[in-house]
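Working notes for the structure below.
Every read-out reported here was derived from the displayed coordinates using simple, explicitly stated rules and does not represent laboratory data. Being a predicted model, the structure only gives us computed values, none of them experimental. For neighbour counting, all protein chains shown are included, and Cβ atoms are generated from backbone atoms with ideal geometry for every residue, glycine included.
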Amino acid sequence: MKSRFPRSLQTVVIFLVAIGLVALALGGYFNPVTNWLTRITVNVQTWISGRYLAIVDFLTVPRDVASLRLRNAELETDVAKLQTQIIDLQQQVTETDILSALVDFARANPEYTYKAAAVIGRDPSPFLRYVIINVGSNGGVLPGMPVVTEKGLVGRVDAVIAEAARVQLVTDAASAVNVRMQTSTTEAMLVGSITGDLSLDMIPQDANVQIGDVVLTSGLGGDYPANMLVGQVVSVRKLQSELFQQAAIQPNVDFNRLQFVLIITNFKPVDIAPLIETPGP
Amino acid sequence: MRRAVLAAIPVILLAVILQTTIASRIILFSGNADLVMLVVVAWGLQERVRGVWIWGVAASLLVAVVSGVPWYIYLIGYLSAVGLARLLVSRIWQAPLLAMFSVTLMGTLELLMLVFFQRTIFEVPLAFGEMFSQIMLPTILLNLLLAVPVHALIRDLANRLYPQETTA
């Protein structure tokens, strides 16, 4: 059967329709249609892409998890090592700071010779305020030698063995130190207690003691060198009915956190016991 | 007996080291736990062990080396605690923890009172009320808290050194 239109005419018609469609598209008449088609295409593409990536992940992630776990373990090990190093370094910095302060103190007080020691323990009995240090008679330490830090007086050596010594702190209940006020000639007795608090006793009633007064060793009695810093007055108790005033002292040294101390090795305590008269028979 | 003596040296030495370095620094008010006494008491409360008195003597002498308290105070205090432990172990053996708590309480009280009187008489007068609230009560509390773990550790040690005999 023969077509009613010649082939060339068909071609021309198709061409014209195509041009017309292009012209309509360029004129924006097909925008709603193209937008709708584009949206559908993008959605389908997104869905397929997502599924594909999920499948790829599913197939490849187990290997990655294993390698990540290994890497994580390595990094955690590194972090633990670095944290240990940080703690060590912080400890070293702290110790260096303390030792540096002790060296500064020794330089500022060149009249004495010092031996540095670390505090390695405390007395087992809660009644006693004693610490144990890691230098003993082999290091030239003898009983009675004063012990200080850069912040002030700590106590004195009570007993010594070859490689260690026991130091009685000034906060011990049986400790008594002759002291004076920095700004006046007032003298008093510094005594400890079972709770570790320091107080001044034997302050004359006519003495003018103020809160904030700095307390120094007086050197009387020969047990301690003079002018060692002890602390500050935080309260004063003055009763007319009593012979002496009393005062509470805030020590300059933190006795609960003692790490290093200096022993004054060239100070010879004076034993005045023979000079004290004992009641005769 | 030899096993008990050989075990006493390292165990008590370790207890003394831990006491001076750690336990004495953990302070409640002004009191601190007495780890060495707990070890000695716990050993004394084990039924099958031997050499409990040697443990008491060794502990008191070792503590006396590092402490400013006279040696005889620890000797009296620790040996009487051991004696109390041996007395109780045969009577309330079915409740070892109760015995541990009882001996710890009484041993701590006795030792603290001994030190209190020794210091008050020979060194410096101390206020009993302050000592009771600031030292005695906190120390008893800390000792009772540590009594259970110390008892468990010493019981394990005793079981290793003196295994329980099994009947076929």
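Taking the condition of being at the interface with chain A (Cβ under 10 Å from one of its Cβ atoms), within 19 Å of B:Tyr74 (Cβ to Cβ) and not polar (S, T, N, Q), how many residues in the stretch B:23-45 meet it?
Matching residues across the stretch B:23-45 total 7.
Among the numbered conditions (1) of a type outside the set (Gly, Ala, Ser); (2) in contact with a strand residue (DSSP E or B) (Cβ under 8 Å, 6 or more places away or on another chain); (3) within 13 Å of chain B (Cβ to nearest Cβ), tell me where A:Val170 comes up short.
Single failed check for A:Val170: (3).
Restricting attention to the stretch B:46-86, which residues are buried (at least 20 other Cβ atoms within 10 Å of the Cβ) and not in a helix (DSSP H, G or I)?
Scanning the stretch B:46-86 gives B:Gln46, B:Val49, B:Ser67, B:Gly68, B:Val69.
Which one is farthest from the other protein chains (Cβ to nearest Cβ) among residues in the stretch A:130-151 that are farther than 16 Å from B:Thr21 by Cβ and not in a loop (DSSP other than H, G, I, E, B)? Break it down stepwise before answering.
Residues of the stretch A:130-151 that are farther than 16 Å from B:Thr21 by Cβ, as a first pass: A:135-151.
Now restrict to residues that are not in a loop (DSSP other than H, G, I, E, B): A:137-139, A:146-149.
Working: A:Ser137: 15, A:Asn138: 17, A:Gly139: 18, A:Pro146: 17, A:Val147: 15, A:Val148: 20, A:Thr149: 17 Å.
That would be A:Val148.
Residues A:Lys81, A:Lys115: which one is more than 14 Å from chain B (Cβ to nearest Cβ), of a type in the set (Lys, Arg) and not in a helix (DSSP H, G or I)? Even if it seems obvious, please write down each step before you answer.
Details: A:Lys81 fails: not in a helix (DSSP H, G or I).
The match here is A:Lys115.
Condition (residue is within 14 Å of another protein chain (Cβ to nearest Cβ) and in contact with a helix residue (DSSP H, G or I) (Cβ under 7 Å, 6 or more places away or on another chain)) applied to the stretch B:150-167: is it met by at least one residue?
no
Filter the stretch A:83-109 for residues that are under 14 Å from A:Ile264 (Cα atoms) and surrounded by 10 or more Cβ atoms within 10 Å (Cβ to Cβ) and give the result.
Within the stretch A:83-109, A:Leu102, A:Val103, A:Phe105, A:Ala106, A:Asn109 qualify.
Identify, from the list A:Ile263, A:Ile249, the residue that is within 28 Å of A:Asn138 (Cβ to Cβ) and assigned to a strand (DSSP E or B).
A:Ile263
Looking only at the stretch A:228-281, count every residue that is basic (Lys, Arg) and buried (at least 18 other Cβ atoms within 10 Å of the Cβ) and tell me the total.
So the count comes out to 0.
For the stretch A:119-129, does any single residue satisfy the condition of being within 25 Å of A:Gly219 (Cβ to Cβ), within 12 Å of another protein chain (Cβ to nearest Cβ) and either in contact (Cβ under 8 Å) with a residue 24 or more places away in the chain or over 28 Å from the mean Cα position of the chain (by Cα) (or both)?
Yes - at least one qualifying residue is present in the stretch A:119-129.
Determine which member of the set B:Arg48, B:Arg91 is free of Cβ contacts under 8 Å to residues at least 40 places away in the same chain and more than 14 Å from chain A (Cβ to nearest Cβ).
Among B:Arg48, B:Arg91, only B:Arg91 is free of Cβ contacts under 8 Å to residues at least 40 places away in the same chain and more than 14 Å from chain A (Cβ to nearest Cβ).
Go through (1) touching a Phe, Trp or Tyr at 6+ places or on another chain (Cβ under 6 Å); (2) more than 8 Å from chain A (Cβ to nearest Cβ); (3) among the aliphatic types (A, V, I, L, M) one by one and return the number of the condition B:Val63 breaks.
Every condition holds for B:Val63 apart from (2).
Just checking, how many residues over the stretch A:110-164 are of a type in the set (A, V, I, L, M, F, W, C), more than 21 Å from A:Asn266 (Cβ to Cβ) and in contact with a Lys or Arg (Cβ under 7 Å, 6 or more places away or on another chain)?
3
When you look at B:Gln94, is it assigned to a loop (DSSP other than H, G, I, E, B) and either surrounded by 21 or more Cβ atoms within 10 Å (Cβ to Cβ) or not aliphatic (A, V, I, L, M) (or both), yes or no?
yes
Looking at (1) touching a Leu at 6+ places or on another chain (Cβ under 9 Å); (2) surrounded by 18 or more Cβ atoms within 10 Å (Cβ to Cβ); (3) over 22 Å from B:Phe101 (Cβ atoms), which is the only condition B:Thr20 fails?
(1)
Restricting to the stretch A:186-218, and then to whatever is within 14 Å of another protein chain (Cβ to nearest Cβ) and in contact (Cβ under 8 Å) with a residue 60 or more places away in the chain, can you tell me which residue is nearest to B:Ser133 (Cα to Cα)?
Of everything passing the filter in the stretch A:186-218, A:Ile194 is nearest to B:Ser133 (Cα to Cα).
May I ask you to list the residues in the stretch B:124-147 that are crowded, with 20+ Cβ neighbours inside 10 Å, of a type in the set (S, T, N, Q) and more than 9 Å from every other protein chain (Cβ to nearest Cβ)?
B:Asn143
Checking A:Leu59 against (1) surrounded by 10 or more Cβ atoms within 10 Å (Cβ to Cβ); (2) in a helix (DSSP H, G or I), which single condition isn't satisfied?
(1)
Being of a type in the set (S, T, N, Q) and at the interface with chain B (Cβ under 10 Å from one of its Cβ atoms) is the filter here; which residues of the stretch A:173-182 pass it?
The answer is A:Ser175, and nothing else.
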